1. Are there any pairs with C-beta distances below 9 angstrom linking a residue in the stretch 61-76 that is within 16 Å of A41 (Cα to Cα) to a residue that is open to solvent by 60 Å² or more (accessible area, probe 1.4 Å) and modelled with pLDDT under 85, with the two at least 6 apart or on different chains, and if so which?
2. Among the numbered conditions (1) open to solvent by 20 Å² or more (accessible area, probe 1.4 Å); (2) modelled with pLDDT of 70 or more; (3) within 25 Å of A316 (Cα to Cα); (4) assigned to a helix (DSSP H, G or I), tell me where L235 comes up short.
3. Among the candidates V217, V226, which residue alone is open to solvent by less than 50 Å² (accessible area, probe 1.4 Å), assigned to a loop (DSSP other than H, G, I, E, B) and modelled with pLDDT of 85 or more?
4. Hey, K142 hits all of (1) under 24 Å from A306 (Cβ atoms); (2) modelled with pLDDT under 85; (3) open to solvent by less than 60 Å² (accessible area, probe 1.4 Å) but one; which does it fall short on?
5. Between L79, L67, which is modelled with pLDDT under 80, open to solvent by 60 Å² or more (accessible area, probe 1.4 Å) and of a type in the set (A, V, I, L, M)?
6. Open to solvent by less than 70 Å² (accessible area, probe 1.4 Å) and among the acidic types (D, E), is that true of E300?
7. Give me the residue from the stretch 189-203 that is open to solvent by less than 60 Å² (accessible area, probe 1.4 Å) and either closer than 26 Å to Y8 by Cβ or in contact with a strand residue (DSSP E or B) (Cβ under 7 Å, 6 or more places away or on another chain) (or both) and, out of that set, modelled with the lowest pLDDT.
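The values are calculated or read from the model by the stated rules, or taken from the named source; none is laboratory data. All values derive from a computational prediction rather than experimental measurement. Every residue, glycine as well, gets a Cβ built from its backbone with ideal geometry; the counts of neighbours run over all protein chains shown. In case anyone asks, the SASA skips ligands and DNA or RNA and just uses the protein heavy atoms, side chains included. Shrake-Rupley method; radii C 1.70, N 1.55, O 1.52, S 1.80 Å.
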Amino acid sequence: MNTLQISYLLAALSVPVVLHFHLLPAAFAGLAVYVLTAKLAPMLPLRWGSLTQKVALAGIILFVIALVSSICLGLWSFLRGHHGMANLLNMAAETLENLKRTLPEDLTAALPDTVDELREQITNMLREHGKNISSVGISGVKTFAHLILGMVVGSLAVLHRFNKENGFPPLASDLHARLINLADSFDKVVFAQVKISALNTVLTAIYLAVVLPIFGVYLPMVTLLVLLTFVAGLLPVVGNLISNFTIVLISLGVSPMVGIASLAFLIVIHKLEYFTNARIVGGQVKASVWELLCAMLFMEAIFGMAGLVAAPVVYAWLKTELKAKRLV
């Protein structure tokens, strides 16, 4: 077995290892630092001396680490804080309680009797599926340490990329080639998904903050709903369903007509997401939406929620490696 084959074997093993040991946040944080630094570093003037360039590169790495850390802390605050998802959960519980008073008895029989009962059911669900939720990596100080280590590894890897003084040994050179392909796939998928999520968020914000108020309808927690749309939208296809369900549920709490209007609007947005996925993500990866969906279903079945999140990047990486060998 030559060094190239060993590099492919190690690359293939890295995926189940990262997902099994809940290292996906660390891997994504490291890749984010690697990709952003690789994009910013070429802006350094070539006329600078070697020492000055190294200092400037170190400054870029520190800036990128601070940026990625701020984004991670912001997401953490929204998902785990008392003024983010917790408020939306309370609002959803109160909406369901109000719906019990207006819906027919046949429908309300399936709903919890009280808000406390709903919260208890949600708590039990989270406890039962805690392994899947923790596999995404939201588990406290340990995850924060993983994120820091991942960003350090990413910064060291990108330093080696720009180190032209020493070459790589054969195996290290092949592994570096795998890393470059992985980083390129991460760049294409994740940053393309950010564009898609941003587009969906802008359209949703216009609907919630402009269109509905024109008709005298004011939904509660519009800012949180817009933030949820962006955060959930970072997860292809499935994330949009999560945010859409929450918006429709809270709209129903205002009135059935507002709920129907929100559902109709979000169906249009959801169809638009399929189109934008095909054009942006599919165009970057040269893959159809059905390919990405199959990869997401397959990896979710094996690795749970973490596999679902990682699937687009892993599939894009696989396709990049196969194209490099002209196998697809």
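1. I61/L159
2. Every condition holds for L235 apart from (4).
3. When all the criteria are applied, what remains is V217.
4. If we test K142 against (1) under 24 Å from A306 (Cβ atoms); (2) modelled with pLDDT under 85; (3) open to solvent by less than 60 Å² (accessible area, probe 1.4 Å), just (3) comes out false.
5. Exactly one of L79, L67 is modelled with pLDDT under 80, open to solvent by 60 Å² or more (accessible area, probe 1.4 Å) and of a type in the set (A, V, I, L, M), namely L79.
6. Working: open to solvent by less than 70 Å² (accessible area, probe 1.4 Å): no; among the acidic types (D, E): yes.
Here the answer is no, as E300 does not meet what is asked.
7. Initial filter on the stretch 189-203 (open to solvent by less than 60 Å² (accessible area, probe 1.4 Å)): 189-190, 192-194, 196-198, 200-201, 203.
With either closer than 26 Å to Y8 by Cβ or in contact with a strand residue (DSSP E or B) (Cβ under 7 Å, 6 or more places away or on another chain) (or both) added as a condition, the list becomes 189-190, 192.
Working: V189: 84, V190: 82, A192: 79.
For the stretch 189-203, the residue satisfying everything is A192.
Residue-wise test of (1) out of contact with any Pro (no Cβ under 9 Å at 6 or more places or on another chain); (2) among the β-branched types (V, I, T); (3) in contact (Cβ under 8 Å) with a residue 60 or more places away in the chain; (4) farther than 30 Å from K323 by Cα.
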position: P170; (1), (2), (3), (4): yes, no, yes, no
position: K188; (1), (2), (3), (4): yes, no, yes, no
position: V211; (1), (2), (3), (4): yes, yes, no, yes
position: F215; (1), (2), (3), (4): yes, no, no, yes
position: M221; (1), (2), (3), (4): yes, no, yes, yes
position: V231; (1), (2), (3), (4): yes, yes, yes, yes
